[in-house]
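Beneath this line is the structure, given in structure tokens, with notes to follow.
The values are calculated or read from the model by the stated rules, or taken from the named source; none is laboratory data. The shown structure was predicted, so the numbers you read here are calculated from the model rather than taken from an experiment. With ideal geometry, Cβ positions are generated from the backbone for all residues, glycine too; neighbour counts draw on all protein chains shown. All accessible areas refer to the heavy atoms of the entire protein, side chains included, with ligands and DNA or RNA removed. Shrake-Rupley method; radii C 1.70, N 1.55, O 1.52, S 1.80 Å.
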Amino acid sequence: MKILCWVCLAFVITNVGGVLSEEPQLSSARVVFQTNFGDIEFGFYPSVAPKTVDHIFKLVRLGCYNTNHFFRVDKGFVAQVADVAGGRSAPMNEEQRREAEKTIVGEFSDVKHVRGILSMGRYSDPDSAQSSFSMLLGDAPHLDGQYAIFGKVTKGDETLRKLEEVPTRREGIFVMPTERITILSSYYYDTELESCEKERGILKRRLAASAVEIERQRLKCFP
């Protein structure tokens, strides 16, 4: 079985050769993963990795990350989301599977791997990223320029800290949780929407995500 390597996203101000490099600008889109340990919200860097951002955001809109899980949690290093094709507990429809099986060209940048960054997972082929990605739990400069950074966590660091406290076991180079850390559902919203419209959109997506999970459980328990 192939084992995914992983990538993360950085957002620091660095001084390289005397030239100040500012943090990339986040787009207005936000995604929220609702896990059994709490919510994690993140945003995207379309100016850094436009193809990666489009791909991940489409997977989110299709509901591909619902019932998926974090298969790897290495304290102070990374929390890695599993590839949706093999990590979900619910089956995928044809459209979801078609998008999940796409590979994305490696959009490597000079953004630094620090805590909170999102970075794509891949195999040894630099253009083999699909749907697995990592959330950095610490600074990892040895990953800089090797993996496609595409966003950062904007809310939910307290949830990441809870994940770091979950008991783990080691399998080769991977540190893996002994209990399943599930992405129960996900939703997205736009920070530029007016307050009432934004809250209504969030509520609709939460209800829709809950309905998906309820239906999955119904089919499982009452076939």
Here FRET efficiency (C-beta to C-beta, R98 to E22, R₀ 45 Å, nearest 0.05) is 0.75
Quick check on the chain: helices-only [θ] at 222 nm, where DSSP H runs of length 4 and up contribute -39,500 (n - 2.57) each and the sum goes over total residues. Nearest 500, please.
-8000 deg cm²/dmol
Convex hull volume of region 66-188 per residue (C-alpha atoms, cubic angstrom):
115
Give me the Å³ per residue figure for the convex hull around the C-alpha atoms of the chain.
130
Carbon and sulfur: what percent of region 35-103's accessible surface (1.4 Å probe)?
48
Normalised by the residues of the chain, what does the relative contact order come to in percent, with Cα pairs under 8 Å and at least six apart?
30
Within the set E164, E95, E41, GNM on the chain using Cα springs under 10 Å gives the largest fluctuation to E95
May I ask you to give the solvent-accessible area per residue for region 29-192, in square angstrom, as obtained with a 1.4 angstrom probe?
40
Between D157 and S210, what is the label-point separation in nm under the 7 Å Cα-to-beta-carbon projection?
3.0
Under 17 Å from the Cα of K152, which aspartates and glutamates turn up, not counting those fewer than eight places away in the same chain?
E22, E23, D39, E41, D54, E107, D110, D139, D144, D190
